[in-house]
1. How many residues, within region 1-14, are touching a helix residue (DSSP H, G or I) at 6+ places or on another chain (Cβ under 9 Å) and free of Cβ contacts under 8 Å to residues at least 24 places away in the same chain?
2. Do you know which residues across region 3-59 are at pLDDT below 95 and hydroxyl-bearing (Ser, Thr, Tyr)?
3. Identify all residues within region 30-67 that are basic (Lys, Arg) and either surrounded by 10 or more Cβ atoms within 10 Å (Cβ to Cβ) or assigned to a loop (DSSP other than H, G, I, E, B) (or both); write none if there are none.
4. Hey, among the residues in region 1-26 that are outside any helix (DSSP H, G or I) and open to solvent by 100 Å² or more (accessible area, probe 1.4 Å), which one's nearest to Pro41 (Cα to Cα)?
Amino acid sequence: MAQRAALLDRILDDIYGEQRLLKEGLLPPALVYAHAGYLRPCRGAPVPGGVRLHLYAADLARSADGRWWW
C-alpha cells in the first residue's frame, strides 16, 4: 500500500506540474481537466515538503485462510 500511495503522489505531482503523463498520452487529458476536483489554479504551485498526497485510505482484510486482500 505504501507503493500505491507513493505512485498516487507522483501522479498528482505530474498532473499539477510537468504534465508528462498527459503529453505522452498515458493519461487522457479529458479525465483530468473535466474532473470537478482538478484545481487549475494550483498547477505549478509549490507544495510544502514536496508532498501532494496528504491522505490515503485503503481497505485491507484478511481472509479465513490467512490471505491478505484489498
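The values are calculated or read from the model by the stated rules, or taken from the named source; none is laboratory data. This structure is a prediction, so every number in the text was calculated from the model and none was measured. Cβ: placed from backbone, ideal geometry, glycine included. Neighbour counts: every protein chain shown. The accessibility values were calculated without ligands, DNA or RNA, using every heavy atom of the protein model including side chains. Shrake-Rupley method; radii C 1.70, N 1.55, O 1.52, S 1.80 Å.
1. Residues flagged as touching a helix residue (DSSP H, G or I) at 6+ places or on another chain (Cβ under 9 Å) and free of Cβ contacts under 8 Å to residues at least 24 places away in the same chain within region 1-14 amount to 2.
2. Tyr56
3. Those that are basic (Lys, Arg) and either surrounded by 10 or more Cβ atoms within 10 Å (Cβ to Cβ) or assigned to a loop (DSSP other than H, G, I, E, B) (or both): Arg43, Arg52, Arg67.
4. In this case the residue turns out to be Glu18.
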